[in-house]
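The structure appears below as C-alpha coordinates.
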Amino acid sequence: MLSDTTIKILFMPGFNGLRSFNAKARAYAEFVKAKRRVPAYNAFLKANGFSKPSFSGLIPNLNEIPFTDKENYVKKYSMDERCINGKVPATGVVIDESSGSTGTATNWARGKRERKNNARIIKFGVRNLLGKEPLFIINAFALGPWATGVNITMSCVKFSKLKSLGPDKIKIENTIKHFGKAHNYVIMGYPPFLKLLVDTSDINWKEYNISFIFGGESMSEGMRDYLMQKGIKRVYSSLGASDLELNISAENDFTISLRRLLRSNEKFRAKVLKHSGALPMIFQFNPSDFLFETSETGELIITICRPGYIAPKIRYNIHDRGHVMQIKELYSILKELNISESEIVKPSTDLPMLFHYGRADMTVSFFGSNISPTDIQEALYNLPELANAINSFCLNVVEDKDGGKQLAVSFEMQKNKGKETVGAEVQTAFWEQLAKTNQDFREAKKMLTSSSQTVIHFYEFAQGPFEKNDIRIKAKYIN
(Lines give C-alpha, C1' and ligand atoms only; values in the text may rest on other atoms or scores of the structure.)
Protein backbone atom coordinates (compact mmCIF):
# COMPACT_ATOMS: atom_id res chain seq x y z
CA MET A 1 0.00 0.00 0.00
CA LEU A 2 1.20 3.51 -0.82
CA SER A 3 2.03 5.87 2.05
CA ASP A 4 0.68 9.42 2.23
CA THR A 5 4.17 10.72 1.41
CA THR A 6 4.37 8.52 -1.69
CA ILE A 7 0.94 9.73 -2.84
CA LYS A 8 2.07 13.36 -2.43
CA ILE A 9 5.14 12.64 -4.55
CA LEU A 10 2.98 10.99 -7.23
CA PHE A 11 0.74 14.08 -7.27
CA MET A 12 3.64 16.56 -7.64
CA PRO A 13 3.20 19.16 -10.42
CA GLY A 14 4.88 18.70 -13.78
CA PHE A 15 4.19 15.02 -14.46
CA ASN A 16 0.80 15.04 -16.19
CA GLY A 17 2.32 13.96 -19.52
CA LEU A 18 3.79 10.90 -17.82
CA ARG A 19 0.55 10.28 -15.93
CA SER A 20 -1.43 10.42 -19.17
CA PHE A 21 0.88 7.96 -20.92
CA ASN A 22 0.80 5.72 -17.84
CA ALA A 23 -3.00 5.79 -17.82
CA LYS A 24 -3.24 4.65 -21.45
CA ALA A 25 -0.64 1.93 -20.91
CA ARG A 26 -2.41 0.66 -17.80
CA ALA A 27 -5.82 0.89 -19.48
CA TYR A 28 -4.53 -1.21 -22.39
CA ALA A 29 -3.10 -3.76 -19.93
CA GLU A 30 -6.50 -3.98 -18.23
CA PHE A 31 -8.15 -4.44 -21.64
CA VAL A 32 -5.84 -7.33 -22.50
CA LYS A 33 -6.37 -8.95 -19.10
CA ALA A 34 -10.16 -8.59 -19.28
CA LYS A 35 -10.27 -9.98 -22.79
CA ARG A 36 -8.32 -13.07 -21.70
CA ARG A 37 -9.72 -13.69 -18.25
CA VAL A 38 -13.20 -12.19 -18.00
CA PRO A 39 -15.78 -14.35 -19.83
CA ALA A 40 -18.36 -11.59 -20.14
CA TYR A 41 -15.91 -9.11 -21.63
CA ASN A 42 -14.55 -11.66 -24.08
CA ALA A 43 -18.11 -12.43 -25.19
CA PHE A 44 -18.93 -8.71 -25.40
CA LEU A 45 -15.99 -8.04 -27.71
CA LYS A 46 -16.88 -10.98 -29.95
CA ALA A 47 -20.50 -9.83 -30.13
CA ASN A 48 -19.26 -6.44 -31.30
CA GLY A 49 -16.80 -7.95 -33.79
CA PHE A 50 -13.81 -6.35 -32.06
CA SER A 51 -10.39 -7.86 -31.45
CA LYS A 52 -7.87 -5.19 -30.45
CA PRO A 53 -7.18 -1.48 -30.95
CA SER A 54 -4.59 -0.11 -33.33
CA PHE A 55 -1.56 1.88 -32.14
CA SER A 56 -0.25 5.34 -32.97
CA GLY A 57 3.42 4.78 -32.18
CA LEU A 58 3.46 3.53 -28.61
CA ILE A 59 -0.01 4.83 -27.80
CA PRO A 60 -3.01 2.47 -28.11
CA ASN A 61 -6.06 4.01 -29.78
CA LEU A 62 -8.38 3.07 -26.95
CA ASN A 63 -11.28 5.04 -28.42
CA GLU A 64 -11.66 2.21 -30.99
CA ILE A 65 -12.74 -0.20 -28.24
CA PRO A 66 -16.56 -0.40 -27.98
CA PHE A 67 -17.85 1.13 -24.76
CA THR A 68 -19.71 -0.84 -22.13
CA ASP A 69 -22.56 0.39 -19.95
CA LYS A 70 -25.21 -0.96 -17.64
CA GLU A 71 -27.54 -1.93 -20.49
CA ASN A 72 -25.18 -3.65 -22.94
CA TYR A 73 -22.89 -5.26 -20.38
CA VAL A 74 -23.92 -5.29 -16.72
CA LYS A 75 -27.51 -6.36 -17.30
CA LYS A 76 -26.60 -8.75 -20.10
CA TYR A 77 -24.02 -10.82 -18.20
CA SER A 78 -24.11 -12.29 -14.72
CA MET A 79 -21.92 -11.05 -11.88
CA ASP A 80 -19.81 -14.22 -12.04
CA GLU A 81 -19.28 -13.79 -15.79
CA ARG A 82 -18.10 -10.20 -15.26
CA CYS A 83 -15.42 -11.26 -12.76
CA ILE A 84 -11.85 -12.45 -13.33
CA ASN A 85 -11.85 -16.18 -14.18
CA GLY A 86 -15.65 -16.14 -14.37
CA LYS A 87 -16.24 -16.42 -10.64
CA VAL A 88 -16.80 -14.11 -7.70
CA PRO A 89 -14.06 -15.01 -5.16
CA ALA A 90 -15.31 -17.12 -2.26
CA THR A 91 -13.86 -14.83 0.43
CA GLY A 92 -12.79 -11.23 0.95
CA VAL A 93 -15.59 -9.78 -1.21
CA VAL A 94 -18.15 -7.19 -0.19
CA ILE A 95 -21.41 -7.12 -2.16
CA ASP A 96 -23.22 -3.80 -2.22
CA GLU A 97 -25.89 -2.35 -4.43
CA SER A 98 -26.69 0.92 -6.14
CA SER A 99 -29.67 2.88 -4.88
CA GLY A 100 -31.73 2.18 -7.94
CA SER A 101 -32.44 5.87 -8.57
CA THR A 102 -32.52 5.14 -12.32
CA GLY A 103 -34.40 1.86 -12.05
CA THR A 104 -33.95 -1.48 -10.29
CA ALA A 105 -31.06 -1.71 -7.83
CA THR A 106 -27.93 -3.42 -9.16
CA ASN A 107 -25.43 -5.53 -7.20
CA TRP A 108 -21.67 -4.87 -7.31
CA ALA A 109 -18.77 -6.97 -6.02
CA ARG A 110 -15.68 -5.32 -4.50
CA GLY A 111 -12.56 -7.28 -3.67
CA LYS A 112 -10.12 -6.77 -0.81
CA ARG A 113 -7.43 -5.01 -2.86
CA GLU A 114 -9.94 -2.62 -4.41
CA ARG A 115 -11.30 -1.67 -0.99
CA LYS A 116 -7.82 -1.14 0.45
CA ASN A 117 -6.86 1.14 -2.43
CA ASN A 118 -10.05 3.09 -2.04
CA ALA A 119 -9.65 3.42 1.74
CA ARG A 120 -6.12 4.77 1.33
CA ILE A 121 -7.21 7.42 -1.18
CA ILE A 122 -10.22 8.43 0.96
CA LYS A 123 -7.94 8.88 3.97
CA PHE A 124 -5.45 10.93 1.97
CA GLY A 125 -8.22 13.06 0.44
CA VAL A 126 -10.01 13.80 3.72
CA ARG A 127 -6.75 14.63 5.49
CA ASN A 128 -5.70 16.85 2.62
CA LEU A 129 -8.95 18.82 2.88
CA LEU A 130 -9.52 18.91 6.62
CA GLY A 131 -6.02 18.67 8.13
CA LYS A 132 -4.44 16.23 10.55
CA GLU A 133 -6.50 17.07 13.62
CA PRO A 134 -8.53 14.15 15.06
CA LEU A 135 -11.84 13.76 13.25
CA PHE A 136 -15.21 12.47 14.39
CA ILE A 137 -16.98 11.25 11.26
CA ILE A 138 -20.74 10.70 11.24
CA ASN A 139 -21.83 8.59 8.27
CA ALA A 140 -25.28 9.86 7.34
CA PHE A 141 -25.40 8.03 4.02
CA ALA A 142 -27.89 5.20 3.78
CA LEU A 143 -26.68 2.13 5.65
CA GLY A 144 -27.57 -1.46 4.81
CA PRO A 145 -26.68 -2.77 1.35
CA TRP A 146 -25.77 0.53 -0.31
CA ALA A 147 -22.16 1.21 -1.25
CA THR A 148 -21.96 4.52 0.57
CA GLY A 149 -23.01 2.90 3.84
CA VAL A 150 -20.96 -0.28 3.79
CA ASN A 151 -17.72 0.87 2.21
CA ILE A 152 -17.53 4.42 3.55
CA THR A 153 -17.81 3.04 7.08
CA MET A 154 -15.02 0.50 6.52
CA SER A 155 -12.79 3.09 4.85
CA CYS A 156 -13.14 5.90 7.38
CA VAL A 157 -12.83 3.93 10.61
CA LYS A 158 -9.13 3.40 9.87
CA PHE A 159 -8.26 7.08 10.43
CA SER A 160 -11.02 8.58 12.60
CA LYS A 161 -13.59 8.07 15.27
CA LEU A 162 -16.70 7.03 13.40
CA LYS A 163 -20.37 6.57 14.09
CA SER A 164 -22.58 5.21 11.32
CA LEU A 165 -26.09 6.50 11.90
CA GLY A 166 -27.51 6.75 8.42
CA PRO A 167 -29.88 9.63 7.60
CA ASP A 168 -31.38 9.78 11.10
CA LYS A 169 -31.71 13.40 12.21
CA ILE A 170 -32.55 12.69 15.83
CA LYS A 171 -29.65 10.27 16.35
CA ILE A 172 -27.22 12.72 14.75
CA GLU A 173 -28.48 15.54 16.97
CA ASN A 174 -28.18 13.36 20.07
CA THR A 175 -24.66 12.28 19.11
CA ILE A 176 -23.43 15.85 18.65
CA LYS A 177 -25.04 17.01 21.90
CA HIS A 178 -23.65 14.02 23.80
CA PHE A 179 -20.04 14.36 22.63
CA GLY A 180 -20.05 18.14 22.75
CA LYS A 181 -18.11 20.95 21.11
CA ALA A 182 -14.56 19.66 21.51
CA HIS A 183 -14.62 17.50 18.36
CA ASN A 184 -13.98 18.20 14.69
CA TYR A 185 -17.13 16.66 13.21
CA VAL A 186 -17.48 15.57 9.59
CA ILE A 187 -20.98 14.59 8.52
CA MET A 188 -21.20 12.68 5.23
CA GLY A 189 -24.45 12.35 3.31
CA TYR A 190 -26.64 13.26 0.36
CA PRO A 191 -27.30 17.03 -0.10
CA PRO A 192 -31.10 16.87 0.49
CA PHE A 193 -30.62 15.22 3.87
CA LEU A 194 -27.82 17.57 4.91
CA LYS A 195 -30.08 20.55 4.19
CA LEU A 196 -32.97 18.92 6.06
CA LEU A 197 -30.64 18.34 9.02
CA VAL A 198 -29.54 21.98 9.11
CA ASP A 199 -33.03 23.40 8.59
CA THR A 200 -34.92 21.33 11.15
CA SER A 201 -32.40 20.76 13.95
CA ASP A 202 -32.34 22.82 17.15
CA ILE A 203 -28.52 22.68 17.16
CA ASN A 204 -26.74 26.03 16.87
CA TRP A 205 -24.36 24.96 14.11
CA LYS A 206 -22.19 28.05 14.52
CA GLU A 207 -21.10 26.86 17.96
CA TYR A 208 -19.57 23.63 16.60
CA ASN A 209 -16.74 22.77 14.22
CA ILE A 210 -18.75 20.78 11.70
CA SER A 211 -17.89 20.10 8.06
CA PHE A 212 -19.99 18.37 5.44
CA ILE A 213 -18.80 15.96 2.74
CA PHE A 214 -21.53 15.12 0.26
CA GLY A 215 -21.95 12.83 -2.72
CA GLY A 216 -24.54 11.19 -4.93
CA GLU A 217 -25.63 14.39 -6.64
CA SER A 218 -24.46 17.92 -7.30
CA MET A 219 -24.85 20.97 -5.10
CA SER A 220 -25.16 24.54 -6.33
CA GLU A 221 -22.85 27.24 -4.98
CA GLY A 222 -26.00 28.88 -3.66
CA MET A 223 -26.72 25.82 -1.51
CA ARG A 224 -23.09 25.72 -0.32
CA ASP A 225 -23.40 29.39 0.68
CA TYR A 226 -26.69 28.63 2.43
CA LEU A 227 -25.20 25.82 4.53
CA MET A 228 -22.13 27.83 5.49
CA GLN A 229 -24.29 30.82 6.50
CA LYS A 230 -26.09 28.44 8.86
CA GLY A 231 -22.76 27.65 10.53
CA ILE A 232 -21.28 24.70 8.65
CA LYS A 233 -17.54 25.39 8.43
CA ARG A 234 -16.60 23.62 5.18
CA VAL A 235 -18.55 21.81 2.47
CA TYR A 236 -16.85 19.51 -0.05
CA SER A 237 -18.02 16.99 -2.63
CA SER A 238 -16.59 13.69 -3.75
CA LEU A 239 -17.50 12.08 -7.07
CA GLY A 240 -18.08 8.35 -7.14
CA ALA A 241 -20.25 5.86 -8.97
CA SER A 242 -21.41 2.49 -7.68
CA ASP A 243 -20.76 1.11 -11.17
CA LEU A 244 -17.09 2.07 -10.97
CA GLU A 245 -15.49 3.33 -7.77
CA LEU A 246 -16.67 5.17 -4.68
CA ASN A 247 -14.02 7.88 -4.84
CA ILE A 248 -13.03 8.84 -8.38
CA SER A 249 -12.33 12.52 -7.87
CA ALA A 250 -12.86 15.27 -5.31
CA GLU A 251 -13.40 18.96 -4.80
CA ASN A 252 -10.90 21.18 -3.03
CA ASP A 253 -10.51 24.89 -2.28
CA PHE A 254 -9.03 25.49 -5.74
CA THR A 255 -11.89 23.84 -7.67
CA ILE A 256 -14.52 25.57 -5.52
CA SER A 257 -12.91 28.98 -6.14
CA LEU A 258 -12.83 28.19 -9.87
CA ARG A 259 -16.53 27.29 -9.84
CA ARG A 260 -17.35 30.53 -8.01
CA LEU A 261 -15.40 32.52 -10.59
CA LEU A 262 -17.41 30.82 -13.32
CA ARG A 263 -20.57 31.84 -11.47
CA SER A 264 -19.58 35.51 -11.39
CA ASN A 265 -17.85 35.95 -14.77
CA GLU A 266 -20.04 35.35 -17.82
CA LYS A 267 -17.23 35.68 -20.40
CA PHE A 268 -15.09 33.17 -18.51
CA ARG A 269 -18.06 30.82 -18.24
CA ALA A 270 -18.73 30.99 -21.99
CA LYS A 271 -15.08 30.17 -22.72
CA VAL A 272 -14.72 27.22 -20.34
CA LEU A 273 -18.04 25.39 -20.23
CA LYS A 274 -19.35 23.09 -22.97
CA HIS A 275 -22.98 22.75 -21.88
CA SER A 276 -25.53 25.40 -21.01
CA GLY A 277 -27.48 25.51 -17.79
CA ALA A 278 -26.34 25.26 -14.18
CA LEU A 279 -22.67 25.16 -13.32
CA PRO A 280 -21.04 21.73 -13.39
CA MET A 281 -19.28 20.32 -10.35
CA ILE A 282 -15.51 20.64 -10.74
CA PHE A 283 -13.13 18.00 -9.39
CA GLN A 284 -9.49 17.01 -9.68
CA PHE A 285 -8.54 13.39 -10.32
CA ASN A 286 -5.50 11.17 -10.75
CA PRO A 287 -5.25 10.32 -14.48
CA SER A 288 -3.00 7.34 -13.70
CA ASP A 289 -5.93 5.67 -11.94
CA PHE A 290 -8.86 6.77 -14.09
CA LEU A 291 -8.81 7.40 -17.83
CA PHE A 292 -11.60 9.79 -18.87
CA GLU A 293 -12.84 10.17 -22.42
CA THR A 294 -15.79 12.17 -23.71
CA SER A 295 -18.09 10.65 -26.34
CA GLU A 296 -19.43 12.51 -29.36
CA THR A 297 -22.60 13.17 -27.38
CA GLY A 298 -20.67 14.63 -24.45
CA GLU A 299 -20.91 11.62 -22.13
CA LEU A 300 -18.06 10.45 -19.92
CA ILE A 301 -16.44 7.10 -20.73
CA ILE A 302 -14.19 5.84 -17.93
CA THR A 303 -11.58 3.10 -17.66
CA ILE A 304 -10.32 2.03 -14.25
CA CYS A 305 -6.56 1.74 -14.70
CA ARG A 306 -5.75 0.37 -11.25
CA PRO A 307 -4.98 -3.36 -11.28
CA GLY A 308 -6.51 -5.76 -8.78
CA TYR A 309 -10.22 -5.21 -9.43
CA ILE A 310 -12.20 -8.45 -9.51
CA ALA A 311 -14.63 -6.99 -12.10
CA PRO A 312 -12.63 -4.76 -14.49
CA LYS A 313 -14.30 -1.76 -16.13
CA ILE A 314 -13.02 -0.91 -19.63
CA ARG A 315 -14.41 2.18 -21.37
CA TYR A 316 -17.52 2.19 -19.21
CA ASN A 317 -20.14 4.82 -20.07
CA ILE A 318 -21.87 6.06 -16.92
CA HIS A 319 -24.08 8.34 -19.06
CA ASP A 320 -23.02 11.46 -17.21
CA ARG A 321 -22.07 14.55 -19.19
CA GLY A 322 -18.60 15.97 -18.66
CA HIS A 323 -15.15 16.80 -19.96
CA VAL A 324 -11.57 17.16 -18.77
CA MET A 325 -9.39 20.28 -18.78
CA GLN A 326 -5.70 20.63 -17.98
CA ILE A 327 -4.43 23.32 -15.59
CA LYS A 328 -2.28 24.86 -18.33
CA GLU A 329 -5.34 25.35 -20.52
CA LEU A 330 -7.19 27.01 -17.65
CA TYR A 331 -4.41 29.51 -17.01
CA SER A 332 -4.17 30.21 -20.74
CA ILE A 333 -7.87 31.18 -20.75
CA LEU A 334 -7.41 33.39 -17.68
CA LYS A 335 -4.55 35.18 -19.45
CA GLU A 336 -6.55 35.54 -22.67
CA LEU A 337 -9.45 37.16 -20.80
CA ASN A 338 -7.11 39.31 -18.68
CA ILE A 339 -8.33 37.68 -15.46
CA SER A 340 -5.82 37.71 -12.61
CA GLU A 341 -4.68 34.32 -11.34
CA SER A 342 -5.31 35.67 -7.85
CA GLU A 343 -9.06 35.35 -8.57
CA ILE A 344 -8.78 31.63 -7.79
CA VAL A 345 -7.02 29.69 -5.05
CA LYS A 346 -3.62 28.43 -6.15
CA PRO A 347 -3.86 24.66 -6.74
CA SER A 348 -1.58 22.40 -4.72
CA THR A 349 -1.23 20.04 -7.69
CA ASP A 350 -1.63 20.27 -11.46
CA LEU A 351 -3.81 17.16 -11.69
CA PRO A 352 -6.41 17.62 -14.44
CA MET A 353 -9.89 18.95 -13.73
CA LEU A 354 -13.10 17.07 -14.39
CA PHE A 355 -16.15 19.18 -15.23
CA HIS A 356 -19.16 17.05 -14.30
CA TYR A 357 -22.60 18.20 -15.47
CA GLY A 358 -24.65 15.31 -14.09
CA ARG A 359 -26.79 12.64 -15.66
CA ALA A 360 -27.25 12.96 -19.41
CA ASP A 361 -30.81 11.64 -19.10
CA MET A 362 -31.79 13.78 -16.07
CA THR A 363 -33.45 16.64 -17.94
CA VAL A 364 -36.86 17.62 -19.17
CA SER A 365 -37.35 19.20 -22.60
CA PHE A 366 -39.48 22.31 -22.89
CA PHE A 367 -39.71 24.40 -26.07
CA GLY A 368 -36.24 23.33 -27.18
CA SER A 369 -34.60 23.87 -23.79
CA ASN A 370 -33.23 21.07 -21.60
CA ILE A 371 -33.81 21.81 -17.93
CA SER A 372 -32.05 19.79 -15.23
CA PRO A 373 -32.62 19.47 -11.47
CA THR A 374 -29.35 21.37 -10.99
CA ASP A 375 -30.84 24.33 -12.88
CA ILE A 376 -33.81 24.32 -10.50
CA GLN A 377 -31.55 24.09 -7.45
CA GLU A 378 -29.38 26.97 -8.59
CA ALA A 379 -32.39 29.21 -9.21
CA LEU A 380 -33.91 28.18 -5.87
CA TYR A 381 -30.83 29.08 -3.80
CA ASN A 382 -30.56 32.49 -5.41
CA LEU A 383 -33.86 33.31 -3.68
CA PRO A 384 -33.30 33.20 0.12
CA GLU A 385 -37.02 33.47 0.91
CA LEU A 386 -37.66 30.34 -1.13
CA ALA A 387 -34.55 28.46 0.02
CA ASN A 388 -35.50 28.98 3.67
CA ALA A 389 -38.96 27.49 3.14
CA ILE A 390 -38.38 24.58 0.76
CA ASN A 391 -37.31 21.04 1.63
CA SER A 392 -37.22 19.44 -1.83
CA PHE A 393 -38.51 19.77 -5.38
CA CYS A 394 -39.28 17.88 -8.58
CA LEU A 395 -40.12 18.88 -12.12
CA ASN A 396 -41.93 17.52 -15.14
CA VAL A 397 -43.46 18.57 -18.44
CA VAL A 398 -47.17 17.91 -18.89
CA GLU A 399 -48.66 17.62 -22.38
CA ASP A 400 -52.38 18.08 -23.01
CA LYS A 401 -54.46 16.24 -25.63
CA ASP A 402 -53.73 18.93 -28.21
CA GLY A 403 -49.96 18.70 -27.72
CA GLY A 404 -49.66 21.87 -25.63
CA LYS A 405 -46.86 21.69 -23.07
CA GLN A 406 -46.64 23.00 -19.53
CA LEU A 407 -43.47 23.08 -17.41
CA ALA A 408 -44.39 22.26 -13.82
CA VAL A 409 -42.07 22.64 -10.83
CA SER A 410 -43.30 21.20 -7.55
CA PHE A 411 -41.87 22.38 -4.24
CA GLU A 412 -42.14 20.49 -0.95
CA MET A 413 -42.40 22.82 2.05
CA GLN A 414 -40.29 22.27 5.14
CA LYS A 415 -42.00 20.82 8.18
CA ASN A 416 -44.20 23.32 10.00
CA LYS A 417 -44.03 25.82 7.14
CA GLY A 418 -47.19 26.47 5.19
CA LYS A 419 -47.61 27.33 1.53
CA GLU A 420 -48.72 30.83 2.47
CA THR A 421 -45.15 31.69 3.54
CA VAL A 422 -44.13 32.02 -0.14
CA GLY A 423 -45.54 35.08 -1.88
CA ALA A 424 -46.56 35.37 -5.54
CA GLU A 425 -43.66 37.74 -6.23
CA VAL A 426 -41.21 34.99 -5.26
CA GLN A 427 -42.77 32.65 -7.80
CA THR A 428 -42.26 35.27 -10.51
CA ALA A 429 -38.68 35.80 -9.34
CA PHE A 430 -38.04 32.05 -9.55
CA TRP A 431 -38.76 31.90 -13.30
CA GLU A 432 -36.56 34.96 -13.80
CA GLN A 433 -33.72 33.23 -11.93
CA LEU A 434 -34.19 30.06 -13.94
CA ALA A 435 -33.90 32.11 -17.14
CA LYS A 436 -30.64 33.59 -15.87
CA THR A 437 -29.33 30.12 -15.01
CA ASN A 438 -30.35 28.35 -18.22
CA GLN A 439 -29.92 30.41 -21.39
CA ASP A 440 -31.95 27.92 -23.46
CA PHE A 441 -34.91 28.39 -21.12
CA ARG A 442 -34.40 32.14 -21.44
CA GLU A 443 -34.97 31.78 -25.19
CA ALA A 444 -37.84 29.34 -24.68
CA LYS A 445 -39.67 31.88 -22.51
CA LYS A 446 -39.87 34.22 -25.49
CA MET A 447 -42.02 31.66 -27.30
CA LEU A 448 -44.57 31.23 -24.52
CA THR A 449 -48.00 32.67 -25.23
CA SER A 450 -49.46 32.27 -21.73
CA SER A 451 -48.16 32.46 -18.16
CA SER A 452 -49.99 29.18 -17.48
CA GLN A 453 -47.37 27.35 -19.54
CA THR A 454 -45.00 27.56 -16.57
CA VAL A 455 -46.51 26.68 -13.20
CA ILE A 456 -45.31 26.16 -9.64
CA HIS A 457 -47.07 23.82 -7.21
CA PHE A 458 -46.48 23.93 -3.47
CA TYR A 459 -47.09 20.90 -1.26
CA GLU A 460 -46.99 20.43 2.48
CA PHE A 461 -44.14 18.30 3.81
CA ALA A 462 -44.34 14.67 2.58
CA GLN A 463 -47.50 15.31 0.58
CA GLY A 464 -48.34 15.00 -3.14
CA PRO A 465 -45.43 13.74 -5.25
CA PHE A 466 -43.21 13.77 -2.15
CA GLU A 467 -45.37 11.39 -0.13
CA LYS A 468 -43.22 8.33 -0.87
CA ASN A 469 -39.80 9.99 -0.80
CA ASP A 470 -37.12 7.88 0.88
CA ILE A 471 -34.44 10.09 2.46
CA ARG A 472 -32.10 7.07 2.61
CA ILE A 473 -31.45 7.06 -1.13
CA LYS A 474 -30.90 9.59 -3.88
CA ALA A 475 -33.81 11.91 -4.50
CA LYS A 476 -35.86 11.52 -7.67
CA TYR A 477 -36.23 14.97 -9.16
CA ILE A 478 -38.07 14.19 -12.40
CA ASN A 479 -41.61 12.79 -12.35
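The values are calculated or read from the model by the stated rules, or taken from the named source; none is laboratory data. Quantities reported herein were computed from a predicted structural model and do not represent experimental measurements. No Cβ is skipped: glycine too gets one built from the backbone with ideal geometry, and neighbour counts run over all protein chains shown. These accessible areas exclude ligands, DNA and RNA; they are computed on the full protein's heavy atoms, side chains included. Shrake-Rupley method; radii C 1.70, N 1.55, O 1.52, S 1.80 Å.
Laid out as a table, the results:
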| quantity | calculated |
| --- | --- |
| Cut-off 12 Å between beta-carbons: net charge of the residues surrounding residue 445, Lys and Arg +1, Asp and Glu -1 | 0 |
| nm² value of the averaged projected area, convex hull over the Cα atoms of the stretch 400-444 | 4.7 |
| Summed residue charge, Cβ within 9 Å of residue 108's Cβ, Lys/Arg positive, Asp/Glu negative | -2 |
| Cα-based Kirkwood hydrodynamic radius, the stretch 356-407, one decimal, Å | 12.6 |
| Mean separation of Cα contacts under 8 Å, 6 or more apart, over the residue count of the stretch 380-479: relative contact order % | 35 |
| Placed amide H near residue 209: partners under 5 Å, 5+ positions off or other chain | 185 |
| Solvent-accessible area per residue for the stretch 351-479 (1.4 angstrom probe, square angstrom) | 49 |
| Taking the stretch 56-145 and dividing mean pair separation by its residue count, relative contact order in percent (alpha carbons under 8 Å, at least six apart) | 17 |
| With Cα atoms, 0 to 90° folded angle of helix 112-130 axis to the chain main axis | 50 |
| Packing-based ranking, highest mean first, of 442-455, 299-312 given that Cβ atoms within 10 Å are counted | 299-312, 442-455 |
| Long-range tail of P(r) for the stretch 179-327 (Cα pairs > 20 Å, %) | 56 |
| Highest-first arrangement of 317-325, 344-352, where packing means the average Cβ count within 10 Å | 317-325, 344-352 |
| Using a Förster distance of 30 Å, the FRET efficiency for residue 398-residue 275 (Cβ separation, nearest 0.05) | 0.75 |
| Given 161/181; 181/415; 35/76; 177/233; 87/313, the pairs whose alpha carbons are separated by over 21 Å | 181/415 |
| Ranked by how many other beta carbons lie within 10 Å on average, peptides 59-70, 262-273, 244-255 from highest | 244-255, 59-70, 262-273 |
| Hz values of 3J(HN,Hα) by residue in the stretch 423-435 - Karplus curve (6.51, -1.76, 1.60), Gly and Pro given as x | x, 5, 5, 5, 4, 4, 5, 4, 5, 5, 5, 5, 5 |
| Convex hull of the stretch 44-141 built on C-alpha atoms - directionally averaged projected area, nm² | 10.5 |
| Aspartates and glutamates whose Cα lies under 18 Å from that of residue 33, excluding same-chain neighbours fewer than 8 positions away | 64, 80, 81, 114, 289 |
| Of every Cα-Cα pair in the stretch 301-429, the percent that sits beyond 22 Å | 63 |
| Compactness of the chain as Cα Rg over 2.2 N^0.38 Å, two decimals | 0.99 |
| Structure-based [θ]222 nm, the chain - -39500 (n - 2.57) summed over DSSP H runs of at least 4, per residue, nearest 500 | -10000 deg cm²/dmol |
| Amide hydrogen neighbours beyond the local backbone of residue 391, cut-off 5 Å, H modeled | 412, 413, 414 |
| For the chain: relative contact order, % (alpha-carbon pairs under 8 angstrom, 6 or more apart) | 14 |
